[in-house]
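J.: Below is a structure I'd like to ask you about.
The values are calculated or read from the model by the stated rules, or taken from the named source; none is laboratory data. Bear in mind the structure is a predicted one, so any value in this text is a computation, not a measurement. Ideal geometry is used to build each Cβ from the backbone, glycine not excepted, and the neighbour counts take in all protein chains shown. Please note that ligands, DNA and RNA were not included when accessible areas were found on the heavy atoms of the full protein model with its side chains. Shrake-Rupley method; radii C 1.70, N 1.55, O 1.52, S 1.80 Å.
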Amino acid sequence: MTDLHRLSIRELAEGLAQAQFSSRELTAHYLKRIEKIDAQVQSYVTVTAEQALAQADAADALRQAGQATVLTGVPIAHKDIFCTQGIRTSAGSKMLDNFISPYDATVVAKGKTAGLVTLGKVNMDEFAMGSTSESSYYGATKNPWALDHVPGGSSGGSAAVVAADLAPFATGTDTGGSIRQPASFCGLTGLKPTYGRVSRFGMIAYASSLDQGGPMARSAEDCAYLMNVMAGHDAKDSTSIEKDVDDYVANLNSTAVKSLRIGIPKQYFNVAGLDAAVKARVEESLKKLEEMGATLVEIDLNMTEAYVPTYYLIAPAEASSNLSRFDGVRYGYRCENPTDILDLYKRSRSEGFGPEVQRRILIGTYALSAGYYDAYYVKAQKVRRLIQQDFLKAFENVDVIAAPSAPTTAYRIGASLDPVEMYLGDIYTIAVNLAGLPAINAPVGFDQDQLPVGLQLIGNYWSESQLLSIVHQYQQNTDWHTKRAAIAEENA
Ligand code: GLN
């Protein structure tokens, strides 16, 4: 079989169950593609070929013994922010270039229990700070749709591997849009779950009150399979919620699009910098949902202007605190020949962290320092509450809220946006994290340069099934999610 990489997760599960191919054949097929094609995309930081083949053999043995579950033997790529026992976990940073994790993140452990085969670890912005994946110590990952463009970030590697068919699905994390924006830039489906739905244990922390892991794949159906693996309470993460998990696959047709009320925030479609083609594709997708029976309702989200300043205080503040653990002493990068302990701290951190991470540490430390704490951090927390209330008020009248995932399509590599320009590109995604809500990106067409455009649907708390179900039904009626970049059509 030469086209195993074209199969959906359901088709892979069925093919394995019916012994049309083995996990070893499937895994070897992907490894061959990675070897041939990834030099162009540069999505993998570490390929774990040997271990993947061993996991595949173990999966095949389980199947022989009649002990396989639905995903036993299906390959996956993990964002290099999830700790993997015995395998480097870099978070895209020189600081952790030599870090071999002694344990698995809960998400990785759950993947192993489900029988998933880890192909490797994929690239990301350093410590998940960024929107292009260019801040990675390992260099820029390319957008499979246009190799001179970025795949988005910070989960750019996760998006690129799926869009190039170098993994059937991937894990990502989303602190301020890092699943939804790269999914949008690469023509994929990506779900950011409600805060607390997926365990953060072993997921290297950026901003702990915002971070959430989730699935990235071609379709809502594929994402639902991975959500079934990732979601659930974890005693090792005190912010993970003890609440029953849905069967996201079984629920794919559970929401009636016919009676759905979709909120259209006035303020979102008047944002300066919203690209005309993005606006047009998003509006067309909403028209399609309307044809399918949904009702579009204009709503107000009055706090829109506060999103960027609020997020860019809270996220760096938490980052400065989280990243203080990288001191050159316990693990990670250590400078050469320190003269004393202060020199060791200073040079290890100056040499180990890249410029964007250093910028955030400086901003965050400033916002938290005595004298400024009330004016900045405390104020930002109050505004955060108002942003959440704005959403909750909207959800009294509508079931979901529609928006673009990003104001533009993918940037050119090296477009060298200044930091504020880059931060403004997060306008549509960051409020969702501040409020802790779930949201999904679905591909809805292309701009004039054949770069993908994404629609974002934001749901109320715990509405992951509803979001997946709406997008699934949209995808049953459209074919944007089946479009493939030229490089994905290449055979190994
Ligand atoms: N672009 C945003 C930032 O740089 C979001 C990143 C993320 O979600 N990890 O903070």
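J.: How much accessible area per residue does region 55-164 have, in Å², with a 1.4 Å probe? Working shown, then result.
T.: Details: 2880 Å² over 110 residues.
Accessible area per residue, region 55-164: 26 Å².
J.: OK, next. Could you give the length gained on full extension between Ala492 and Gln51, defined as 0.36 nm per residue of separation minus the Cα-Cα distance, in nm?
T.: Details: separation 441, 0.36 × 441 = 158.76 nm, distance 2.08 nm.
Stretched out fully, the Ala492 to Gln51 stretch lengthens by 156.7 nm.
J.: Give me the percent of the accessible area of region 1-66 that comes from carbon and sulfur atoms, probe 1.4 Å, all protein chains in place.
T.: Carbon and sulfur: 50 percent of the exposed surface of region 1-66.
J.: Taking 22 Å as R0, compute the FRET efficiency from the Cβ-Cβ separation of Leu147 and Ala28 and round it to 0.05. Each step should come with its number before you reach the end.
T.: Working: r = 26 Å, r/R0 = 1.17.
With R0 = 22 Å, the Cβ-Cβ based efficiency is 0.30.
J.: May I ask you to derive the FRET efficiency for Gln18 and Lys266 from their Cβ-Cβ distance with R0 = 45 Å, giving the value to the nearest 0.05?
T.: Values: r = 51 Å, r/R0 = 1.14.
It comes to 0.30.
J.: Rounded to the nearest 5, what % of DSSP beta bridges with both residues in the chain are antiparallel? Mind dumping the intermediate values first?
T.: Numbers: 29 of 42 bridges.
Roughly 70 percent of the DSSP beta bridges within the chain come out antiparallel.
J.: Take the alpha carbon atoms of region 423-464, find their center, do the same for region 8-47, and report the distance between the two centers in whole angstrom.
T.: Here the answer is 28 Å between Cα centres.
J.: Taking DSSP loops as anything outside H, G, I, E and B, show the longest stretch in the chain free of GluC sites (Glu not before Pro) there with at most 11 other beta carbons within 10 Å. If you can, show how the numbers build up before the last one.
T.: On the way: sites that count: Glu242, Glu336, Glu396.
It works out to 1-241.
J.: I want to check the label-to-label distance for Glu351 and Leu62. Put each point 7 Å from Cα in the C-beta direction and report it in nm to one decimal.
T.: According to this spin-label approximation, the distance is 4.3 nm.
J.: With each pseudo-label sitting 7 Å past Cα toward Cβ, what's the Ser238-Asp97 distance in nm, one decimal?
T.: Roughly 3.6 nm, to one decimal.
J.: So between Cys335 and Arg359, what do we pick up on full extension, going 0.36 nm a residue minus the alpha carbon distance? Let's see the in-between values first.
T.: Numbers: separation 24, 0.36 × 24 = 8.64 nm, distance 2.00 nm.
Value of the extension gain: 6.6 nm.
J.: Please compute the modelled spin-label separation between Asn477 and Arg325, points set 7 Å along Cα→Cβ, answer in nm with one decimal.
T.: Output for this residue pair reads 4.6 nm.
J.: Quick check: from the Cα gyration tensor, does region 124-256 come out rounded (a/c under 1.5), prolate or oblate? Kindly include the intermediate steps, with their values, before the conclusion.
T.: Working: a/c = 2.46, a/b = 1.31, b/c = 1.87.
Oblate, because a/c is 1.5 or more while a/b does not exceed b/c.
J.: Counting only protein heavy atoms and using a 1.4 Å probe, what share of the accessible area of region 112-153 belongs to carbon plus sulfur, as a whole percent?
T.: Working: 510 of 940 Å².
So the carbon and sulfur contribution to the accessible surface is 55 percent.
J.: Follow-up question, since we're still on this one. With every protein chain kept in place and ligands, DNA and RNA left out, what is the accessible area per residue of region 276-352? Probe 1.4 Å, answer in Å².
T.: On the way: 3880 Å² over 77 residues.
I get 50 Å² per residue for region 276-352.
J.: Given only helices, namely DSSP H runs of n ≥ 4 each adding -39500 (n - 2.57), what is the per-residue ellipticity at 222 nm of the chain, to the nearest 500 deg cm²/dmol? It would help to have the intermediate numbers written out before the result.
T.: Numbers: 16 runs with 181 residues, N = 492.
The helix contribution divided over the chain gives -11000 deg cm²/dmol.
J.: Pairs to check: Lys79/Lys266; Lys243/Lys279; Lys288/Lys382; Lys142/Lys266; Lys112/Lys483. Give those whose C-alpha atoms are more than 32 Å from each other in this structure. Provide the component values of the computation, followed by the final result.
T.: Values: Lys79/Lys266 35 Å; Lys243/Lys279 37 Å; Lys288/Lys382 38 Å; Lys142/Lys266 34 Å; Lys112/Lys483 30 Å.
In this structure, Lys79/Lys266; Lys243/Lys279; Lys288/Lys382; Lys142/Lys266 exceed 32 Å between Cα atoms.
J.: Computed FRET efficiency, Cβ-Cβ of Ala277 and Arg10, R0 56 Å: what is it to the nearest 0.05?
T.: Numbers: r = 32 Å, r/R0 = 0.57.
Calculated transfer efficiency: 0.95.
J.: For region 251-388, give the percent of accessible area contributed by carbon and sulfur heavy atoms, probe 1.4 Å, rounded to a whole number.
T.: Numbers: 3820 of 7290 Å².
Whole-percent figure for carbon plus sulfur exposure: 52.
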